[in-house]
Amino acid sequence: MGDFPARSATMGIMRARYGVPLSIAAAGAAGLVYAAGIEVRSFRLRRVTVPVLPPGMRPLRVLQVSDIHMVGGQRKKQRWLQSLAGLRPDFVINTGDNLSDPEGVPEVLDALGPLMEFPGAYVFGSNDYYGPKPRNPARYLVEKVQKRHGLNGNPPVVGAIHNPWEDLRDAFDTAGWVNLTNTRGRLKLDGSAGGFEIALTGLDDPHIKRDRYAQVAGGPEPDADLSLAVVHAPYLRTLDAFTADGYPLILAGHTHGGQLCIPFYGALVTNCDIDTERVKGLSTHTTAGHTSFLHVSAGCGTNRYTPVRFACPPEATLLTLTARD
């Protein structure tokens, strides 16, 4: 009993020295459990209103789904995507990265099956074409500093897994969805939106340098009720081109909203050259005296090797397009 004060003092020193790191470690572990076990499955519906229709035209509801990154066994995600059909949108836009598993095509089609009953259009992202590889998340910060993203400034990918994107394309096409891979297309709306015709201009994924704007240049189509621009990754070169050509609204995905964000601060990276202030949600883009609305979806999935989200829940978006003032 004689050494009790000395032992107490030693324990006090140890608590002072190691108490803060241990508490930080505990908080980090709790955050990881939340990010990987709770938030990544907390699917949300974002609702936004965009005034882009001609005066007098009734509102249109557009459901945007993006970055599903389907992996086998993600039943909750499948059920949630299926449930979105209950929104009864006028049409659906899929902005790519449906896959994160070469075996995931049947589950993507099962999840999107009810939505494929509606008019729709799509573009693909890099993960539709190629399977992901393990990657140190810190590389996104390094690439941000070095202004190198995807194949834009990085060497070509070697030994990539090729996903069966053709199966996705064939199923979407069979359902009547319009393929916007470096091309234009149209949607003729039936039902309550009957009589409206939407002109769509799309690009293949700029993240892997598959975009060919020269093939679709020329701007909105004057005989359509509305012209929209669609692309997977919102690289500035594509936003500049669409905006300079006069498109009123550009739809994109890819960024995951930053995926791992800091509460009350926001995203650290965007995985492309767009700024973090516009990493998700509705904003505008201005160039050459023209301004377009831009909507970037944070998507509803993650790369299979980084299945976490923090302060950035998975989402889809219901955009209500209204008449311009």
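The values are calculated or read from the model by the stated rules, or taken from the named source; none is laboratory data. Everything quoted here is computed from the prediction, not taken from an experiment. Glycine also receives a Cβ, built like all others from the backbone with ideal geometry; neighbour counts cover every protein chain displayed. Note: areas computed on protein heavy atoms with side chains; ligands, DNA, RNA excluded. Shrake-Rupley method; radii C 1.70, N 1.55, O 1.52, S 1.80 Å.
Evaluate the distance, in nm, between pseudo-label points positioned 7 Å from the Cα of R41 and of V145 along their respective Cα→Cβ axes.
Output for this residue pair reads 3.7 nm.
Let me spell out the model: positive unit charges on the Cβ of Lys and Arg, negative unit charges on the Cβ of Asp and Glu, origin at the Cα centre of the chain. What dipole size does that give, in debye rounded to 20?
On the way: 33 positive and 31 negative charges, 267 e Å.
So the magnitude is around 1280 debye.
What is the distance, in nm, between label points placed 7 Å from the Cα along the Cα-to-Cβ direction at R169 and at T322?
Once both label points are built, they end up 4.0 nm from each other.
Looking only at Cα atoms, what is the convex hull volume of segment 92-216 per residue, in Å³?
Numbers: hull volume 16.7 nm³, N = 125.
Roughly 133 Å³ of hull volume per residue.
Taking only protein heavy atoms into account and a 1.4 Å probe, give the accessible area per residue of segment 169-325 in Å². Mind dumping the intermediate values first?
Numbers: 5960 Å² over 157 residues.
On a per-residue basis, 38 Å².
Once you have the Cα-Cα distance between K209 and A244, take 0.36 nm times their residue separation minus that, and quote the gain in nm to one decimal. Please report the intermediate quantities before stating the final value.
Working: separation 35, 0.36 × 35 = 12.60 nm, distance 2.02 nm.
The span from K209 to A244 would gain 10.6 nm if fully extended.
In the chain, if the dipole is taken from +1 on Lys/Arg beta carbons and -1 on Asp/Glu beta carbons about the Cα centre, which of Y265, F118, H162 is farthest to the positive end?
Y265
Want the number for R88 to D275: 0.36 nm per residue separation, take away the alpha-carbon distance, what's left? Display every interim value, and only then the final one.
Numbers: separation 187, 0.36 × 187 = 67.32 nm, distance 3.31 nm.
Answer, rounded to one decimal: 64.0 nm.
Taking every pair of distinct Cα atoms and averaging 1/r, then inverting, what Kirkwood hydrodynamic radius in Å comes out for the chain? Don't skip to the end; give the middle numbers.
Values: mean 1/r = 0.0478 Å⁻¹.
The answer is 20.9 Å.
Could you work out [θ]222 nm for the chain from helices alone, using -39500 (n - 2.57) per DSSP H run of at least four and dividing by all its residues? Round to the nearest 500 deg cm²/dmol. Present the calculation step by step, with values, prior to reporting the outcome.
Values: 7 runs with 83 residues, N = 325.
Result for the chain: -8000 deg cm²/dmol, rounded to the nearest 500.
Order 214-221, 201-208 from most to least packed using the mean count of other Cβ atoms within 10 Å. The partial results should precede the final answer.
Values: 214-221: 14.1, 201-208: 25.1.
Those peptides, ordered most packed to least, come out 201-208, 214-221.
Cα-based count: Lys pairs in the chain below 28 Å, eight or more positions apart or different chains?
13
Based solely on C-alpha atoms, express the radius of gyration and the Dmax of segment 263-320 in angstrom.
Values for segment 263-320 (Cα only, Rg and Dmax): 13.2, 42 Å.
What fraction of the DSSP beta bridges in segment 45-323 is antiparallel, stated in percent and rounded to the nearest 5?
Roughly 40 percent of the beta bridges in segment 45-323 run antiparallel, per DSSP.
Can you give the local net charge around P313? Use residues other than it whose beta-carbon is closer than 11 angstrom to its beta-carbon, Lys and Arg +1, Asp and Glu -1.
On the way: positive: R41, R44, R46, K280, R309; negative: E39, E315.
So the surrounding residues net to +3.
What spacing in nm lies between the two simple spin-label points modelled at D225 and V48, each 7 Å away from Cα in the Cβ direction?
Taking the simple label geometry, D225 and V48 are separated by 2.2 nm.
If you roll a 1.4 angstrom probe over the protein chains with everything in place, what fraction of the accessible area of segment 93-196 belongs to carbon and sulfur, to the nearest %?
Details: 2730 of 4890 Å².
Percent of accessible area from carbon and sulfur atoms in segment 93-196: 56.
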